[in-house]
Amino acid sequence: MAGVADKARFYLERSVPQLREWEEKEIFSKDELRTIVQKRNDHEHRVLSPGNLPSQWSTYAKWEQSLETLRNKRCKRLKIHHLNSAHAGQARVMSIYERAVNRHPGSGELWREYLSYTASVKAAKRWRKTMTGALRMMPTDSGLWVLAGRRSARHGDMASARGFFMRGCRFCPQDCKIWVEYAKCEMDWLVKVDKRKETKGADALRPDRVDDDDELRIVDSDDENEDEDNNLLPEPSKAQVKVIDKRASEQLKSNPAMDGAIPMAIFDISRKQAFYSPEVAETFFLMFASFKNLSVQPKVSQHVLHALEEQFPNHPSTCSCYIRQPIAGVHPNTADFARGLRDVLARLEEKLDTTTDKAELGHKTGAWIDGCLALGDLDDGIRQVLELIKGKLYLS
């Protein structure tokens, strides 16, 4: 343990200037400072000991964050506007997380905490570097690819977002989540395109301005201070590349945005994957249907429903999508929902006679009805109709 004690002392000594400034400006009392040093010493010994756990690193980082929050509150109360060590707290937390992921590179939870913290303090360059490291260590983690793609899309860089999603699809060919999120990201972008069309003189398909600090590059970096090897994302193998072939890749990179061709192409390519099933297609349908105010939504949703009816005509998932189509994505307290319920009732009676699994269809229908009934401000008339539909399920 002598080595552990020496290492702990080394990391503790780095915080001495910060502690002295806190004492000089009376942000913390001497007793409180002793407690802080003791706490840090305890945490350092735990994380430096053999057999340390990711949870111990996480606890240490969260404790430092709470200390930084307390320091900020006291500075505001004491009207202290300048500290030489103002950013030392953030730097310390990021240093702990950096040590943590180096010690446990396979811990997805630690990587996500690290990314969440860097995003919360708006450390864009550090976020980019951390995400690159996380993807290199865990290229088969679909959630990380989704996070990277979503951030690029949020900052207006759809070209990079599509690159991340397509690369993620190649690395995670057995996971439907990334495919659904890719299609959802494209639908979100189409919403932006629709809004731009309403602005006179605006180019609906123009790319948004991208802040260089927020850009996560796929191939290389223009930052001379970064090591080139540390900025390269993982490359898929030859087998993984075939998940999205050259023709499909060109189809996804093209820009037929106005008619929803890209989301439909994503769904069509997913149909060729091993994970594809009626339940996956139903997930796509419900996700597309949630974009009720998007002009191309009916076309995209109908495309999925047509594929289901063609491949799985009487499967409960197909029947459920067909039944819900008139009200999918519509809020229960609207006139459109009330009008759509008449079609829903007729379609339910039709499909209960033809489905291959009446119990499963009843379960799926009952689930979304219960969700509507749980709304406290639901109209009494709509509530009665939904309870009537639910009663028919039990009688059938």
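The values are calculated or read from the model by the stated rules, or taken from the named source; none is laboratory data. Note that the structure is a prediction, hence the values are computed from the model and not measured. Here the Cβ is made from the backbone with ideal geometry for all residues, glycine too, and neighbour counts use every protein chain on show. Protein only, heavy atoms only, side chains kept; ligands, DNA and RNA dropped before computing areas. Shrake-Rupley method; radii C 1.70, N 1.55, O 1.52, S 1.80 Å.
Within segment 3-16, the set of residues being farther than 12 Å from H45 by Cβ and among the hydrophobic types (A, V, I, L, M, F, W, C) comprises F10, V16.
Under 6 Å by Cβ, and 6 or more places apart or on different chains, what pairs join a residue from segment 11-25 that is touching a residue at least 24 places away in the same chain (Cβ under 8 Å) and among the polar types (S, T, N, Q) with one that is surrounded by 12 or more Cβ atoms within 10 Å (Cβ to Cβ) and in a helix (DSSP H, G or I)? Taking only residues 6 or more apart or on different chains, the pairs are Q18/A88. If you go through segment 338-380 and pick out every residue that is open to solvent by 40 Å² or more (accessible area, probe 1.4 Å) and either in contact with a Gly (Cβ under 8 Å, 6 or more places away or on another chain) or farther than 24 Å from T318 by Cβ (or both), you end up with 7. Considering A359, A374, the condition of being within 23 Å of T283 (Cα to Cα), among the aliphatic types (A, V, I, L, M) and under 32 Å from the mean Cα position of the chain (by Cα) is satisfied by A374 alone. When we screen F284, F267 for residues that are under 20 Å from W368 (Cβ atoms), at pLDDT 85 or above and either open to solvent by less than 70 Å² (accessible area, probe 1.4 Å) or of a type in the set (A, V, I, L, M, F, W, C) (or both), the only hit is F284. Under the condition of being more than 18 Å from A367 (Cβ to Cβ) and of a type in the set (V, I, T), which residue from segment 304-336 is most open to solvent (accessible area, probe 1.4 Å)? For segment 304-336, the residue satisfying everything is T334.
Which condition from (1) under 25 Å from the mean Cα position of the chain (by Cα); (2) surrounded by fewer than 20 Cβ atoms within 10 Å (Cβ to Cβ) is the one that F291 breaks? Looking at each condition in turn, F291 falls short on (2).
T140 falls short on exactly one of the conditions (1) surrounded by 22 or more Cβ atoms within 10 Å (Cβ to Cβ); (2) under 23 Å from Y276 (Cβ atoms); (3) of a type in the set (V, I, T), and that condition is (1). Listed here are the helices (runs of 4 or more DSSP H) enclosed by segment 133-199 that have at least 3 residues being among the β-branched types (V, I, T): 176-197.
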